[in-house]
Amino acid sequence: MPPLTACPECDLLLKPADLITGEKAVCPRCGYLLHRAREQSIERVLALSIAGLILAIPANFLPLIGIRFMGNSNESTLWAGAVSLFGQGLWLVAVLVFLASIFIPLLNTLLAFLISVHLHFNRPHPHLAHWLRWLQHLEEWAMLEVYLLGIIVACVKLSDTADVHLGFGLYAFVAMLLVNAMLTTSLDEVLFWQRIAELDRKKHA
Amino acid sequence: MLRQSALAQGLVRCHVCGHLHPLAKNRHARHCKVCGGLLHARRPHSLQITLALLISSYALYIPANIFPIMTVTQLGMTEIHTIIGGIFALVEKDMAPIAVLVFVASILVPLLKLLGLSALVLHVHLRWQGNTRWWMRIYRLIVFVGRWSMLDIFMISILVAVVDLSGGVSHVIAGPAATAFAAVVVLTMIAAKSFDPRLIWDNHTAL
Ligand SMILES: [Zn+2]
Ligand SMILES: [Zn+2]
């Protein structure tokens, strides 16, 4: 039997396309993007995940925005958002904000780093498949781009009454968001699963 | 043998890594040999789980819109905002574009998501016929827009942190509607994930 695949969204049985870099395969029945071959996917993910991990430090701890109103001023970091909601007793919302804006984006970057560093150096690891599985499940719960829109709306609202100034943390946050978005589009899941299966076979051989 | 579903050919696609496995003869759950994920031809109890999450979301949608989502105190004056009240306040301050943005993210998207998912569940359960590609487009739109409803929650978390000026000059307190609204967003996202789009196609080819 020749190797076959199936479309994840309509279950149509398909012959896997042999793609060259830059090409993409689309399901003929439902239009689902089955595979897009990326150039140097593993190396790009490795480089971008290192950049993402470095940028996470200023993005989390430096002030995002600050306000000045009638001689009083205050600044806020990414951390402070979740912490002050917790302080007001809304712990469910606080946990959600913490997960979507801080923890899951960071965890995803860390997982992408661990997977790509092992694949790049051809090192098998018993948890490689688990890591990639978690990364796939968690991807949609990282909401940095929605958070950025939240910052913009908050700034516009505040600018009505107070002086708003942007902090250095905001620039780091935008850079982290761009790096994470590039990481997501660079990650060729079909290739990653192939390489993980290859490493697994080599280990058992 | 192509132009058929994998299930009709006795094959199960691993939902994590995409590897095809022969359908199990007995009813025991099996794990994928490549990635270790649990194998099932269709998500188990997809419609029941989606429906249960939808009903919970409809119920929470009411307190999310009735109760205050935030209280703003400025120089001794206290304003209590509901989700809709916050949008009207933006319109009054001549911030119509932002008001439209918040309206779409906080009112329109959650409502369309609830109604769209309900229609999808009914469509599969009652075996409605119709343009399958059109239903597929609704499903993909729901999955795509789901996360953007978090806009209001994130905005409030920023306001709460930054508008905390000493001496009672100005501060913002998040209200109980924030918890209800956040729950609606999360539950509808899980509901969309629980819905198996392959059921739309099974439904179509079975007749
Ligand atoms: Zn398809
Ligand atoms: Zn698998």
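In percent, how large is the relative contact order of chain A, given Cα pairs closer than 8 Å and 6 or more residues apart? Computed over chain A, the figure is 28 percent.
Straight-distance candidates among the lysines for linking to A:LYS157, with alpha-carbon spacing under 17 Å and chain neighbours fewer than 8 residues away dropped: B:LYS93.
List the pairs from A:LYS24/A:LYS203; A:LYS15/B:LYS33; B:LYS25/B:LYS113; A:LYS24/B:LYS193 whose alpha-carbon separation is above 29 Å, in the order I gave them. In this structure, A:LYS24/A:LYS203; B:LYS25/B:LYS113 exceed 29 Å between Cα atoms.
Over all orientations, the protein assembly as shown has a Cα convex hull whose mean projected area works out to 22.2 square nanometres. Counted without the sites themselves, the longest stretch of chain A free of GluC sites (Glu not before Pro) in a DSSP loop having at most 12 other beta carbon atoms within 10 Å is A:40-205. Taking amide hydrogens as placed 1.01 Å from N in the peptide plane, the amide H of B:HIS15 sits under 5 Å from those of B:HIS40, each at least 5 positions away in sequence or on another chain. Determine which aspartates and glutamates satisfy two conditions relative to A:LYS202: a Cα distance under 19 Å, and not lying fewer than 8 residues away in the same chain. Excluding near neighbours in sequence, the set is empty.
For chain B, the longest principal axis of the C-alpha atoms and the axis of helix B:132-145 are separated by about 40°. Here B:ARG30 and A:LYS15 are evaluated by their C-beta separation; at R0 = 30 Å the FRET efficiency comes out at 0.75. One quarter of the convex hull surface built on the alpha carbon atoms of the stretch B:87-144 amounts to 4.6 nm², the projected area averaged over directions.
Under 10 °C and 1.306 mPa s, how fast does chain A diffuse according to Stokes-Einstein, given a Kirkwood radius computed over C-alpha pairs? Answer in µm²/s, whole number. Provide the component values of the computation, followed by the final result.
Numbers: Rh = 19.4 Å.
Once the numbers are plugged in, D ends up at 82 µm²/s.
Run the accessible area of chain B with a 1.4 Å probe and give the carbon-and-sulfur part as a rounded percent. Mind dumping the intermediate values first?
Values: 6700 of 9930 Å².
Percent of accessible area from carbon and sulfur atoms in chain B: 67.
Starting from the Cα gyration tensor of the stretch A:108-157, take the square roots of the eigenvalues, sort them a ≥ b ≥ c, and report rounded, prolate or oblate (rounded when a/c is under 1.5, otherwise prolate if a/b is larger than b/c, else oblate). Judged from the Cα gyration tensor, the stretch A:108-157 comes out prolate (a/c at least 1.5, a/b above b/c). Here the Kirkwood formula puts the hydrodynamic radius of chain B at 19.8 Å, using every distinct Cα pair. How large is the translational diffusion coefficient of the stretch A:1-55 in µm² per second when you combine the Kirkwood radius over alpha carbon pairs with Stokes-Einstein at 37 °C and 0.692 mPa s? The estimated diffusion coefficient comes to 248 µm²/s. In chain A, the longest principal axis of the Cα atoms and the axis of helix A:144-159 are about 20 degrees apart.
Computed per residue of the protein assembly as shown from DSSP H runs no shorter than four, each worth -39500 (n - 2.57), the mean residue ellipticity at 222 nm is -18000 deg cm²/dmol. Annotation for A:HIS127 and A:GLU145: the two label points, set 7 Å from Cα along the Cα-Cβ direction, are 3.0 nm apart.
The values are calculated or read from the model by the stated rules, or taken from the named source; none is laboratory data. Treat the numbers as computed from the prediction; the structure is a model and nothing was measured. When we count neighbours, we look across all protein chains shown, and the Cβ atoms used for this are built from the backbone with ideal geometry, even at glycine. These area figures cover heavy atoms from the full protein model, side chains too; ligands, DNA and RNA do not enter into them. Shrake-Rupley method; radii C 1.70, N 1.55, O 1.52, S 1.80 Å.
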